[in-house]
Structure formats: C-alpha cells, structure tokens
1. Please verify whether V202 is farther than 18 Å from F39 by Cα, among the aliphatic types (A, V, I, L, M), open to solvent by 10 Å² or more (accessible area, probe 1.4 Å) and in a loop (DSSP other than H, G, I, E, B), treating the condition exactly as stated.
2. Right, M227: aliphatic (A, V, I, L, M) and under 30 Å from E94 (Cβ atoms) or not?
3. I'd like the full set of residues that are crowded, with 19+ Cβ neighbours inside 10 Å and more than 22 Å from V211 (Cα to Cα), limited to the stretch 226-238.
4. Filtering the stretch 139-190 down to residues that are among the aromatic types (F, W, Y) and open to solvent by less than 10 Å² (accessible area, probe 1.4 Å), which residue is farthest from T215 (Cα to Cα)?
5. Consider the stretch 44-80. How many of its residues are assigned to a loop (DSSP other than H, G, I, E, B), among the hydrophobic types (A, V, I, L, M, F, W, C) and at pLDDT 95 or above?
6. Out of all the residues in the stretch 36-43, is one or more within 21 Å of Y253 (Cα to Cα), at pLDDT 95 or above and not in a loop (DSSP other than H, G, I, E, B)?
7. Does G172 satisfy the condition of being small (G, A, S) and without any contact (Cβ under 8 Å) to a residue 40 or more places away in the chain?
Amino acid sequence: MKTKKILGIALAVCMTMGLTTVPAMAEDKKTFVFGDTTFNAENEEADINPQNTYAGWACIRYGVGETLMKIADDGTLEPWLAESAVNVNATTWEIVIKDAVCFSNGKKCDAAAVKACLEHLIEVHERAAGNLKIASMEADGQKLTIVTSEPNPILMNYLSEAYGCIIDMEVGIPDNGCVVGTGPYVATEVVTDDHVNLIKNVNYWDGEVKVDEITVRTISDGDTLAMALQSGEIDAAYGMAYASYPLFENDNYKFTSIQTSRCFWGMMNLHKENSGYTIMSDPAVRKAIAMGINKQDFVLSLIHISE
C-alpha cells in the first residue's frame, strides 16, 4: 500500500497536532522528515527561540512551544496552556494556568514560570512589549494576574501570537538554541538555514506523542521542495510552490489547508513606481477595487461598531 504524503499549504501547527497520519518508518520507531521553506534567517526564523524576531513561528510550528491562548480552526480564541482568562476590569486580567502543564524537562509550568517568561519577553522583544502593554504581573500558584498600562481588550489575542510561546526561563536561551517549551517535541539540534532535530517529549502534558523523531529540513526553494517530496527525501512539505501542485494531485498525496488569520492589504494611495505596490499604479485596478467595495454596508458596519 502506498503511503499518503502530507503537503501543508497554510500555516498549520502540524507538529503540535501529533502527526497522527505519519507512518512508521521502522517497527520500533516512528520517524518523520519535514521540508520547510520558511526556517531561515532571511525569513527572520533563524532559530526556535520565540523571543527572537519572528522565530516563534518555528517554535510553535515544530511543536516545541505552546501559548496561553490559541486561535481555533474557526478563527475563535480558545485557551491552550491557560484554563481560563478573565478581564476583571479595564486594565486587569486573571489567567489560570492548567494544572497539568509542565515543561519538557518535567518542571511544572505554574504562574511564576509564565510570569518569568513574559517578563523576559517584554524586555527583549519590542513588538511584543508594544502589543501587550504589560505594566505589572503577580503570580500565585496557577493564577497569573496581569495589569496593563492602558486598557488592552485584545491582550489574549496577542498572547496567542507565536512570540508568546512559554519557555522555561530557568534554563533560559541555551547557546545551542534548544529552548525548553511545553510542546510535544524537544529540540536536540538547531542549525540556522539547515535543519532542526526533534524527539518526542516524554513528559508531554496533553496526551501521547505519536512520532519518536522528526527532522525539519530547510529547503528554501519551492521547486526543490517539490522534487524532494517526489523522491521520498521528505515525508511532508510546507511552502510548496503553487506551480508544483498538479504534481501531487493524486491518491498518493494529501493536501491540508486552513484559512489564515492574517490580513493582506494594499495601499490605494501608494501607487508610485518602485513603491512595492506597482499594481496599484494602474487606474483601472484602483477603479475596480473601489467599485467592488460595498460602501453602504461598510459605513453601516462602522456605525454599528462605534455604538
């Protein structure tokens, strides 16, 4: 029987889901090789330290780290490491960490550990500090109280961002880049622009981990990624070039996709040559976009929001 391969065509935290469809490569050990176009310094994913630029995406994508909250498949916000999150008043949040959560080294992940992680995050990560607006925190057992410098009603959304992966700050950021998270996998080797080696977390708090060893290979070119999947060098691919899709539209492969939570946009009034928005320099394109906007409903929606 031919094994179906998996092609990731949207940002899916496939490692975190346990990779239940991965076949056994040996009777006593399940292994998996994942080709990814995004794990590279140029993409600001030089390692898996979530507090370094945009490397949190690698941390969460490869199942090393998890966040307090997460965005569900239907776009709604739901707890992950957190049991609950309550907005006590305009600037105060009370977050209860699930009692079962522990780091991959076996250490309990309590409110104090989360507090230490977030304190370091806002010290070193300018974007996170600006988003979170944390003024102070207090830890009491599994309860973390966060006070913001101003009302921040979407704080929980920000804490679902990949930079919010909770890591053990007692271990800190090791020289080898292998941060200690709460996810189903443990990084044993991280080499920028080349690969990440992972083994299953035997202390994982949220159920059995299905795969024993994973190798993430950086293959920055989409065409090369397609050839690696065809040849069997890798078992799954993320970032496949659209032009290569027809090669895999058969029973031997499976595509997985999900709507992204990102918003893509173009600036109508920034349409000069070499501005990066040259398509908007065409008056016909701008007119078509303007005609496609339901202005009445747009205004009514804004009025409704303001009310």
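1. The answer is yes for V202.
2. It is false that M227 is aliphatic (A, V, I, L, M) and under 30 Å from E94 (Cβ atoms).
3. Answer for the stretch 226-238, where residues must be crowded, with 19+ Cβ neighbours inside 10 Å and more than 22 Å from V211 (Cα to Cα): just A226.
4. Y163
5. Summing the residues that are assigned to a loop (DSSP other than H, G, I, E, B), among the hydrophobic types (A, V, I, L, M, F, W, C) and at pLDDT 95 or above in the stretch 44-80 gives 6.
6. Among the residues of the stretch 36-43, at least one is within 21 Å of Y253 (Cα to Cα), at pLDDT 95 or above and not in a loop (DSSP other than H, G, I, E, B), which makes the answer yes.
7. In short, yes.
Here's the yes/no breakdown for (1) touching a Gly at 6+ places or on another chain (Cβ under 9 Å); (2) hydroxyl-bearing (S, T, Y); (3) open to solvent by 50 Å² or more (accessible area, probe 1.4 Å):
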| position | (1), (2), (3) |
| --- | --- |
| T53 | no, yes, yes |
| G56 | yes, no, no |
| T67 | yes, yes, no |
| L81 | no, no, no |
| C109 | no, no, no |
| R127 | no, no, yes |
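The values are calculated or read from the model by the stated rules, or taken from the named source; none is laboratory data. Predicted, not measured: the structure shown is a model, and the values here were computed from it. With ideal geometry, Cβ positions are generated from the backbone for all residues, glycine too; neighbour counts draw on all protein chains shown. We work out accessible area using only protein heavy atoms, side chains counted, and drop any ligands, DNA or RNA first. Shrake-Rupley method; radii C 1.70, N 1.55, O 1.52, S 1.80 Å.
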